[in-house]
Each structure stands twice: as C-alpha cells, then as structure tokens.
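A short write-up of the structure that comes next.
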Amino acid sequence: NAGVMQNPRHLVRRRGQEARLRCSPMKGHSHVYWYRQLPEEGLKFMVYLQKENIIDESGMPKERFSAEFPKEGPSILRIQQVVRGDSAAYFCASSEGSGTEAFFGQGTRLTVV
Amino acid sequence: EDQVTQSPEALRLQEGESSSLNCSYTVSGLRGLFWYRQDPGKGPEFLFTLYSAGEEKEKERLKATLTKKESFLHITAPKPEDSATYLCAVQDPGTYKYIFGTGTRLKVLA
C-alpha cells in the first residue's frame with residue numbers, strides 16, 4: 001500500500017509564475033490536508049478537503065492560493081504569481097476519516113527565485 | 001483558540017539517558033492527540049494516537065501517555081538514531097483539522 005505521494009519533490013519558480021503542487025492520498029483515504037513549513041518552524045495548517053469539497057480553508061491566504069480535490073485524480077495546491085515569501089516546504093497528509101491519524105507525504109520544496 | 005505547546009524546544013541527551021517530552025493542549029472536546037517524528041528534509045512519520053486520559057501506547061523505546069491537559073513522550077535508553085524532531089498535534093473538534101505544536105528537537109549523542 002503506497003503512502004501519500006507528492007510531486008514534484010522540488011520546484012523552482014521565478015517570481016510571478018504559477019506553482020502547482022500535487023498530492024495523491026493513500027488508498028482508501030478521502031480526507032486531504034495541506035500544511036506549510038518554514039525552516040526550523042512548525043507545521044502551519046492551510047486547507048482541509050474531502051472529495052470535491054473544501055471543509056476548512058482558514059489557514060490559506062485569500063489571494064493567489066487555491067486548492068482542490070476532484071472526484072478523480074490528485075489534490076492540487078495552486079499558487080499564482082509566486083513571491084519570494086512563498087518559498088517553503090509544503091506537506092500533504094491524508095486520513096481515512098475524521099478522528100483518525102493522518103499520514104504525510106515527503107513534501108514539495110518550493111523555491112522562488 | 002485551540003493551542004498546542006511543546007517543551008522543551010530542544011533537548012540533548014547522552015545515549016542511554018532517558019527523558020520525557022511534554023505536549024500541553026487547550027482544546028474543548030479532545031478528539032485525538034497524535035505524536036509524529038520528523039527527520040530533516042522528510043515528512044512527519046506517524047507514531048501514536050491517544051484518545052482518552054490514562055491511555056498509554058508503546059513502541060520500542062517510546063511510550064506516550066495522556067492526561068486531561070497534556071501528553072508525555074517518554075524515551076527510554078535512547079540511541080543516536082532517535083535524534084529527530086518530535087511533533088504533537090490535536091484535532092480541532094469543529095473541523096477536524098490537525099493543530100500542531102512547534103516540536104521538540106531531540107539530539108542523542110553517542
């Protein structure tokens with residue numbers, strides 16, 4: 001049973017470009033969570049999705065950031081017009097249901113130059 | 001607002017020197033407390049889930065316990081390979097998002 005798969009592992013974008021981060025949850029998991037982590041800092045919640053629904057996006061900036069988890073295919077975190085401050089590690093996690101443990105992917109490290 | 005506070009921020013131990021990490025939380029209606037281990041450059045690795053006060057879980061040299069206000073991760077006779085950042089998290093009772101503490105960076109010296 002493959003774990004949570006994130007790609008790409010590393011992504012370099014110039015300021016003003018778009019970044020698309022993908023996350024395939026574990027088999028049988030329908031809950032996806034996105035977190036952001038800066039060096040030497042904790043995990044900051046961004047958004048929680050179930051299939052085709054955004055449950056909680058309270059941690060996601062209103063501008064430039066969006067997330068989806070379609071009926072088919074991976075969850076996508078999209079950052080438009082990236083700025084240097086968006087450079088961070090972005091982690092995706094999935095769980096089987098609410099109240100159960102979440103399993104994390106290896107992250108996508110975004111560098112904006 | 002729900003809060004998770006971990007202490008100490010960093011801990012250095014000699015190999016074989018047992019210790020405990022603390023995670024205190026303020027959340028109404030705990031739906032689960034979770035411990036993770038994170039190695040540099042990697043995603044967090046799930047360790048334990050605790051649901052109710054008095055519950056304990058063990059795995060190798062690690063033992064997690066839970067009270068009504070805090071959880072402890074006890075490390076018995078640690079080895080250098082136990083060096084990592086240990087994170088705890090609780091679930092928001094309303095939306096089920098996971099709220100993480102900032103972690104304890106553990107370094108075990110040979």
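Since every read-out is calculated from the coordinates, none of them should be taken as a lab result. Note that this is a predicted model, so its numbers are computed, not measured. Virtual Cβ from ideal backbone geometry, glycine too; neighbours counted across all protein chains shown.
Between A:ARG84 and A:VAL12, the modelled label-to-label distance comes to 1.7 nm, taking each label 7 Å out from Cα in the direction of the beta carbon.
Highest-first packing order for the peptide set A:53-60, A:42-49 is A:42-49, A:53-60, based on the mean count of other beta carbon atoms within 10 Å. Per residue of A:103-110, other chain Cβ atoms within 10 Å of the residue Cβ number 3 on average. Site pair B:SER19 and B:HIS74 shows an inter-label distance of 1.7 nm when each label is modelled 7 Å from Cα along Cα→Cβ.
Averaged over peptide A:39-45, the number of partner chain Cβ atoms lying within 10 Å of each residue's Cβ comes to 6. At an R0 of 41 angstrom, the distance between the Cβ atoms of B:SER7 and A:GLU72 translates into a FRET efficiency of 0.40. With the simple model of a label 7 Å out from the Cα in the direction of the Cβ, B:SER28 to A:GLU41 spans 2.9 nm. The mean number of Cβ atoms from other chains found within 10 Å of a Cβ in peptide A:5-15 is 0, as a whole number.
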